[in-house]
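What follows is calculated from the coordinates using simple rules that are stated; it is not laboratory data. All values reported here derive from a predicted model rather than from experimental measurement. Note that we place each Cβ from the backbone using ideal geometry, even for glycine, and neighbour counts take in every protein chain shown.
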């Protein structure tokens, strides 16, 4: 693609230096991965500045530079005010705006995004429609496909547009994608043409980045504010922010709500939980239908309702939707039962609301006279205000608590644990335990549990790594639990 064509979506909102209308054959923003013919994008990050690596990129073969200031480099330079936000325009144009060729559904919210996207993918496939998925676990072209690794819940624009192009060229006409608040704030999903948006919930998370809940809401709202005419919005009527989201949806967009407590277009009632899952009755369109889910917990009911409502919004027959949901097992690391006796549940819950939901669901499965044991930690270099809140929740909802590490990053694990402990009212040494080494903490559970107890290992879910100060090591809660309790 010629450089002039690549810049067309910028609409002349740039200046140039050494301009030549050269052929561009790729896009890169990491100088170590730059190839001959690339358009190198200088991005300012938290710990590095891409402008400092522009020369290295040119030496690797970059033919032109996308930057925020003039550089002393003798190649064409395109200068804009914010390369990170404008990167989406460049990437979308390079890959010929693939989202315009597919039915793209975005799912956003603090919790539930991963499960909802997987459920929607299953529903579309049950309706004999190919559907790809992009999210926290990576991307895959079908539910039976293996995940391709992802660095972010929502990829950076070059990877996102590349993947969407791959999907469109593979004959896939439907894509369901997790859309994080970071990706919306940073315009990673700019130039993505969404046919529908789903809101799960909004509770405290990422305040290290957004600072306030108001800013957090504004970031999520971007997805709904920009929906095109004829698209749809699916909104959780029971969330305290539901009216705020409904108010910002354009008038020419169809809105469908779901819930349990409040009036909603699709509502669940008569909910029963067992070790096998949840039995619910759904009221919708003057109909009542029963559904037996293999998923457990009230949060799973909400996730299923979100997916059910999304299916209806896309015009899929309700019987097809129910059949798909009833035949879906748990998503990796989402209330995943990895050992049956004692019952060990691994979950990704890493927010106050997420931990509360998981523990309440686990309590439903805890036999009378048995203990609910919770092991968790909080990530380093992240929102510190949620740490005591999670400590309080674990203390109040569990019989025994083990506080440990969870991706401490550059922080001292002991200091993170101290923050968590301030939320625990009374440190009872018979029920509150501290073990900074997560592996040792999981082993320790065996010394304080009975075969009938229920154990929740929260925070990391599907992750198979632990981020320490100077390195990242392999660590998988599911593997560790099986070693300890199943001898695997």
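For residue 450 and residue 49, the FRET efficiency from 1/(1 + (r/R0)^6), where r spans their Cβ atoms and R0 equals 45 Å, is about 0.25. Given bins 10 angstrom wide, list per bin the percent of all Cα-Cα distances in segment 336-485, short to long. Percent of Cα pairs in each bin: 12, 47, 35, 6, 0.
Spin-label model, residue 33/residue 169: points 7 Å from Cα along the beta carbon direction are separated by 1.7 nm.
Highest average first, the peptides 288-294, 45-51 ordered by how many other beta carbon atoms sit within 10 Å of their residues are 288-294, 45-51. Of all DSSP beta bridges confined to segment 96-178, the antiparallel ones make up roughly 30%.
Summed over qualifying helices (DSSP H, 4 residues or more, each -39500 (n - 2.57)) and divided by its residue number, the chain shows a 222 nm mean residue ellipticity of -9500 deg cm²/dmol.
Gyration tensor over the Cα atoms of segment 41-122: the corresponding equivalent ellipsoid has semi-axes (square roots of 5 times the eigenvalues, largest first) of 34, 16, 11 Å. Which stretch or stretches of segment 30-72 have amide N atoms under 19 Å from the point lying 7 Å from residue 409's Cα along the Cα→Cβ direction? Flagged as within label range: 44-50. Beta bridges per DSSP, both residues in the chain: antiparallel share near 40 percent.
Could you tell me the calculated FRET efficiency between residue 269 and residue 243, based on Cβ-Cβ distance and R0 = 22 angstrom, to the nearest 0.05? Rounded to the nearest 0.05, the efficiency is 0.50.
Indicate the gyration tensor shape class of the chain (rounded, prolate or oblate), computed on the Cα atoms with a ≥ b ≥ c the square roots of the eigenvalues: a/c under 1.5 is rounded; otherwise a/b larger than b/c is prolate and the rest oblate. Oblate, because a/c is 1.5 or more while a/b does not exceed b/c. I'd like the distance between the alpha-carbon centres of segment 314-367 and segment 22-68, rounded to an integer number of Å. Each part reduced to its Cα centre gives a spacing of 43 Å. Checking the a/c ratio against 1.5 first, then a/b against b/c, what shape does the Cα gyration tensor give for segment 154-292? Prolate, since a/c reaches 1.5 and a/b exceeds b/c.
Take each peptide in 361-373, 173-185, count the other Cβ atoms within 10 Å of every residue, and average; sorted highest first, the result is 173-185, 361-373. Given axes a ≥ b ≥ c from the Cα gyration tensor, I'd like to know whether segment 3-83 is rounded (a/c under 1.5), prolate (a/b larger than b/c) or oblate. Since a/c reaches 1.5 but b/c is at least a/b, the shape of segment 3-83 is classed as oblate.
Computed from label points 7 Å out along Cα-Cβ, the spacing between residue 254 and residue 145 is 2.7 nm. Applying Stokes-Einstein at 10 °C and 1.306 mPa s to the Kirkwood radius of segment 1-155, computed over alpha-carbon pairs, gives a translational diffusion coefficient of 91 µm² s⁻¹. Ranked by the mean number of other Cβ atoms within 10 Å per residue, highest first, peptides 7-15, 384-392 order as 384-392, 7-15. Take the Cα of residue 11, step 7 Å toward its Cβ, do the same at residue 294, and the gap between the two points is 4.9 nm. What the Cβ-Cβ distance of residue 483 and residue 19 gives, at R0 = 51 Å and to the nearest 0.05, is a FRET efficiency of 0.25.
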